[in-house]
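Have a look at the structure below before the remarks.
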Amino acid sequence: MKSFRKELAFEVKRRRDFINITPQVNDALAESGIREGLLLCNAMHITASVFINDDESGLHQDFEAWLEGLAPEKPYSRYRHNGYEDNADAHLKRTVMGREVVVAVSGGKLDFGPWEQIFYGEFDGKRRKRVLVKIIGE
Amino acid sequence: MKSFRKELAFEVKRRRDFINITPQVNDALAESGIREGLLLCNAMHITASVFINDDESGLHQDFEAWLEGLAPEKPYSRYRHNGYEDNADAHLKRTVMGREVVVAVSGGKLDFGPWEQIFYGEFDGKRRKRVLVKIIGE
Amino acid sequence: MKSFRKELAFEVKRRRDFINITPQVNDALAESGIREGLLLCNAMHITASVFINDDESGLHQDFEAWLEGLAPEKPYSRYRHNGYEDNADAHLKRTVMGREVVVAVSGGKLDFGPWEQIFYGEFDGKRRKRVLVKIIGE
């Protein structure tokens, strides 16, 4: 069994954004040399998400509006977590979108359906944050 | 290390439905011959879900009503994704329910609690869509 | 490839609570002797969750209030599942929080960002329930 580990780093200029990280994950997989196995990709921070969906800007605007409806950023005082922080909403939004994805590796490729792309979802940005790629297999 | 890959295909007659796919996943596991490891089962389409819950029809009606409350299908114009599409709600519903499950394989069986069953959640049906089963182990 | 399996058991006194189970998962990992691989930790019951977030009591109160807003416990009659049961809301809350986490194992440790902690989320407590830890690697 082989294993491979790589960190990706992102510094998102806005509080919230979605970034297609499929190219970086593909590069990590190529670097690993693993052809059959499982790939884990997870946010290392608890106010960010890694998820799989469509790379379509209208949908991303829908995600933003929908998440803001489910877990509004403001007023900050609505959340008990926001004593020293202002990011309780980011913890909730990341919960809806998910911390991680596990992707099959087959024939040395991400074993994806036609529209699957991996995104980093930032909900409390303007600082450097990390994503972990861990691959095991052969 | 052994690895095994199988696609399952579903053509759901309605826009939305939940299908218990535990028998097909069990068959894939038996076919693999793997006795200890991890099994990934994921929707290959971004308007569908694979999740684990109870096989109880009342609960499935509750899921349907609840998801429709969180991310209504109509009016289609409420979503920016719905320029050429009408399925933005399906992307959101799938996000709540999740893309994938990872299940332990122990002694050649799905290592489940008493009520765990695997479901395919379709949110934009009436066409053929696929689910991936990938198993690694020994 | 090595594999390791361990069940953890919890009997939560209240209907709902969040318990930091990172110490028990760390112990399981140490016991396994696995240094590189993937660790799956999942609720074995469908009204409970395993998730990763911050160990901060204000945030946990926010989770409780937020989940109760998204999927209220009462009136029990609002859910079709509640013919013989009263826990439909627990199935929905667990869906939002997630069944499982997959964590990278690197150098014999849980490969975590600075604030990541693993929680058991109970949504229908007052009875003994189990969590599965399955680790594969070398």
Number of positions in segment C:13-24 that are over 19 Å from C:GLU56 (Cα atoms) and surrounded by 13 or more Cβ atoms within 10 Å (Cβ to Cβ)
1
Let me confirm something: among B:PHE4, B:PHE18, which residue is touching a strand residue (DSSP E or B) at 6+ places or on another chain (Cβ under 6 Å), more than 14 Å from chain A (Cβ to nearest Cβ) and either touching a residue at least 40 places away in the same chain (Cβ under 8 Å) or assigned to a strand (DSSP E or B) (or both)?
B:PHE18
Would segment A:114-121 turn up any residue that is small (Gly, Ala, Ser), buried (at least 23 other Cβ atoms within 10 Å of the Cβ) and under 19 Å from B:LEU38 (Cβ atoms)?
no
Here is a check on your reading of the model: is C:PHE119 more than 9 Å from every other protein chain (Cβ to nearest Cβ), touching a strand residue (DSSP E or B) at 6+ places or on another chain (Cβ under 9 Å), at pLDDT 95 or above and not in a helix (DSSP H, G or I)?
yes
Filtered residue count, segment C:87-109, keeping only those that are part of a strand (DSSP E or B) and among the polar types (S, T, N, Q):
1
In this structure, is C:VAL102 among the β-branched types (Val, Ile, Thr), at pLDDT 95 or above and touching a Gly at 6+ places or on another chain (Cβ under 8 Å)?
no
Within segment C:96-112, is there a residue that is more than 17 Å from C:LEU40 (Cα to Cα) and either within 13 Å of the chain's Cα centre (by Cα) or buried (at least 23 other Cβ atoms within 10 Å of the Cβ) (or both)?
yes
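Yes/no per residue for (1) closer than 30 Å to C:ILE136 by Cα; (2) among the basic types (Lys, Arg):
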residue: C:ILE21; (1), (2): yes, no
residue: C:CYS41; (1), (2): yes, no
residue: C:MET44; (1), (2): yes, no
residue: C:SER77; (1), (2): no, no
residue: C:HIS81; (1), (2): no, no
residue: C:ASP89; (1), (2): no, no
residue: C:ARG94; (1), (2): yes, yes
Scan segment C:128-137 and give yes if some residue there is of a type in the set (Val, Ile, Thr), buried (at least 19 other Cβ atoms within 10 Å of the Cβ), within 17 Å of B:ASP62 (Cβ to Cβ) and touching a Ser or Thr at 6+ places or on another chain (Cβ under 8 Å), otherwise no.
no
Condition first: at the interface with chain A (Cβ under 9 Å from one of its Cβ atoms), without any contact (Cβ under 8 Å) to a residue 24 or more places away in the chain and polar (S, T, N, Q). Now tell me which residues in segment B:33-89 satisfy that.
B:ASN82
Kindly evaluate C:ASP27 against the criterion of being of a type outside the set (A, V, I, L, M), free of Cβ contacts under 8 Å to residues at least 12 places away in the same chain and within 10 Å of another protein chain (Cβ to nearest Cβ).
no
What's the number of the condition A:ALA65 fails, among (1) on the phi > 0 side of the Ramachandran plot; (2) part of a helix (DSSP H, G or I)?
(1)
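The values are calculated or read from the model by the stated rules, or taken from the named source; none is laboratory data. Just so it is clear, the structure is predicted and the values come from calculations on it, not from any experiment. Because the Cβ atoms are built from the backbone with ideal geometry, glycine has one as well, and the counts that use them run over all protein chains shown.
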